[in-house]
Each structure stands twice: as structure tokens, then as C-alpha cells.
Amino acid sequence: MRNIPVAEVDGLDRAVLAIGTDYPRDHLLVWHEHRRAQVLYAASGVMRVETADGSWTIPTARAVLIPPMTRHQVTMTAVSTRSLYIEPAAVPWFPARCTAVDVSALLRALILEAVGMEPRYPEHSRDAAVVTLLLHELKSLTPLPLDVPLPSDPRLRGLCEAFLRKPDIHAPPARWCAVLNISERTLARLFRRGTGLSYAQWRQRACVLHSVQHLATGTPVTRIAAMLGYDNPAAYTAAFKRLLGRPPTAYRGPDTTGG
């Protein structure tokens with residue numbers, strides 16, 4: 001199925017519904033939720049998925065698992081998606097929180113095949129076998145650290161969201177303390193309690209993940225490093241590899257070049 005709202009087919013008596021959707025550039029899919037579990041795969045472009053407790057940056061050829069009834073919004077940058085909407089009973093192992101995952105070549109092929117299938121596929125048919133294999137493959141996905149956790153404290157969350165819009169690797173904690181009228185020790189405690197990370201760890205993660213969308217559109221590494229405030233491209237590349245285990249070039253779009 002292509003470009004069909006899931007609400008139109010949600011009632012079909014099938015464990016998995018596969019829908020491909022093409023979005024205009026810089027499209028915002030406003031806050032919503034699904035009854036089914038969702039596997040949201042970026043066939044092209046970069047997505048940013050937001051929930052009450054975090055933000056996930058999903059580049060091309062990766063996916064995010066969105067639990068049933070999880071309120072979320074998605075910002076699209078030149079995105080074409082392939083989504084699997086799955087009955088919760090068919091995936092009792094599904095995570096309780098959104099999770100970014102790597103997608104193997106086999107799983108990618110199965111997702112693309114499923115989108116081309118008739119939604120009411122016959123039981124015990126080839127298409128049903130594709131769905132069965134899909135469900136098996138989904139259980140062995142490798143999680144990726146593509147999320148930035150967000151605190152529930154409204155004042156601190158507001159500062160975090162502002163930082164995500166314009167990150168700076170050298171932003172001092174004293175600046176946050178002045179706005180919140182608290183000590184650095186209190187800020188450290190709030191960050192650890194609200195995000196599970198220290199201020200420095202959170203700042204580093206936010207900067208690296210912000211850069212993923214720029215890599216996907218072909219922005220040179222030297223420009224990205226300067227934009228985020230790193231002292232040099234090598235410092236940015238080292239931080240990127242520490243978090244994601246691969247160099248920035250691994251997250252470039254398929255048709256981009258540069259360094």
C-alpha cells in the first residue's frame with residue numbers, strides 16, 4: 001500500500017499492515033498516536049521523532065520502533081517512509097519506549113516486499129510467509145544510540161529543546177544555571193535524574209545527533225564541526241565515533257560527497 005492513512009485500514013484482520021508514504025520536504029507530522037505498534041523505516045531522508053521523554057534522529061536506512069499508543073510527532077527532511085503497523089499481540093517483546101534500530105539488508109527487502117503486497121493477504125500464502133519472516137527478523141534488531149532523552153521538568157526541558165534547535169558543544173552549564181537560578185551542582189542532579197546522563201554527556205549526544213541530518217544532505221564535515229563549535233573536524237569526528245561507533249561518513253546520504 002502506498003500513501004494511505006493507516007486509519008483507513010487499521011481494522012483489517014491481519015497482524016501486519018505495510019504502508020509506504022512520500023512526504024514533502026520539511027514536513028511536520030503533528031502529534032498523534034497509533035493503536036498498533038509501528039516500525040517506521042526511513043527509505044530516504046532523515047526523520048526526527050519526538051515523544052514526551054526524548055527525541056530520536058533516524059537517518060536513511062535506519063528505523064525507529066514506536067510502541068502502541070505512544071504520542072509522537074515526526075519532522076521529515078526529504079523523507080520517504082515504509083511503515084509496518086503491527087497488532088500488539090503479535091509483538092509481545094516490543095520495547096516500551098521508542099528505540100532506534102539498524103536495519104539489515106534482509107529486513108529492508110522484506111519491508112519493501114510487504115509494502116507491495118495486498119493488505120488482506122491470504123493465510124498460509126507466500127505473503128503470509130513474508131509477514132512471518134518479518135516478525136522473526138524484527139526480534140533480532142540491533143539498537144542504536146540515536147536518541148536524546150528529555151527531562152520532564154518543564155523549565156529544564158524548555159532549555160533542552162532550545163539547545164536542540166541550536167546546539168553548541170561549548171555551551172557552559174553556568175548559562176543554564178543563570179536562567180534557572182540554580183547552582184551547577186543542582187543542575188547536574190536535575191540532568192542525571194531527568195535524562196540519565198550528565199550535562200556534558202547530554203550536550204555531546206545532542207550535538208552529534210543534530211549533525212546527522214546535515215550529513216545526510218551533504219554538508220561537509222568541516223562545516224558541521226564549525227557550526228557545532230568543535231575546535232576542529234578531528235574533535236567532532238572522534239566524538240561522533242565514540243557515540244555511534246562509526247565515522248560521520250557512514251551517515252552520509254547515498255548521493256553525497258565531501259569531507
Q: Name the residue farthest towards the positive end of the dipole of the stretch 78-214 from the options Ala128, Pro173, His210, assuming +1 on Cβ of Lys and Arg, -1 on Cβ of Asp and Glu, about the Cα centre.
A: Pro173
Q.
Testing the spin-label approximation: label points 7 Å from Cα along Cα→Cβ at Asp53 and Arg25. State their distance in nm.
A. 3.7
Q: Go through 123-132, 213-222 and give me the packing order, highest mean Cβ count within 10 Å leading.
A: 213-222, 123-132
Q) Hey, what angle do you get for helix 126-138 against the long axis of the chain, alpha-carbon based, 0 to 90 degrees rounded to 10? A) 20
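Could you work out [θ]222 nm for the chain from helices alone, using -39500 (n - 2.57) per DSSP H run of at least four and dividing by all its residues? Round to the nearest 500 deg cm²/dmol.
Calculated mean residue ellipticity at 222 nm is -11000 deg cm²/dmol.
If a/c stays under 1.5 just call it rounded; otherwise compare a/b with b/c (prolate if a/b is bigger, oblate if not). Do that for the stretch 21-123, with a ≥ b ≥ c from the square roots of the Cα gyration tensor eigenvalues.
oblate
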**Q.** Acute angle (nearest 10 degrees) that the helix 199-216 long axis makes with the longest principal axis of the chain, alpha-carbon atoms
**A.** 50
Q. What net charge is computed for the residues neighbouring Leu190, neighbours being all others with C-beta under 11 Å from the C-beta of Leu190, Lys and Arg scored +1, Asp and Glu -1?
A. +4
Q) How far is helix 233-244 tilted, in degrees, relative to the longest principal axis of the Cα atoms in the chain, given as a value from 0 to 90 rounded to the nearest 10? A) 50
Q: Taking the Cα centre of the stretch 150-251 as origin, sum charge times position over the Cβ atoms of Lys and Arg (+1) and Asp and Glu (-1), and report the length of that vector in debye to the nearest 20.
A: 220
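Every number in this text was worked out from the coordinates using simple rules, so none of it is lab data. Note that the structure is predicted; figures quoted are calculated from it, not measured. Backbone-built Cβ (ideal geometry, glycine too); neighbour counts: all protein chains shown.
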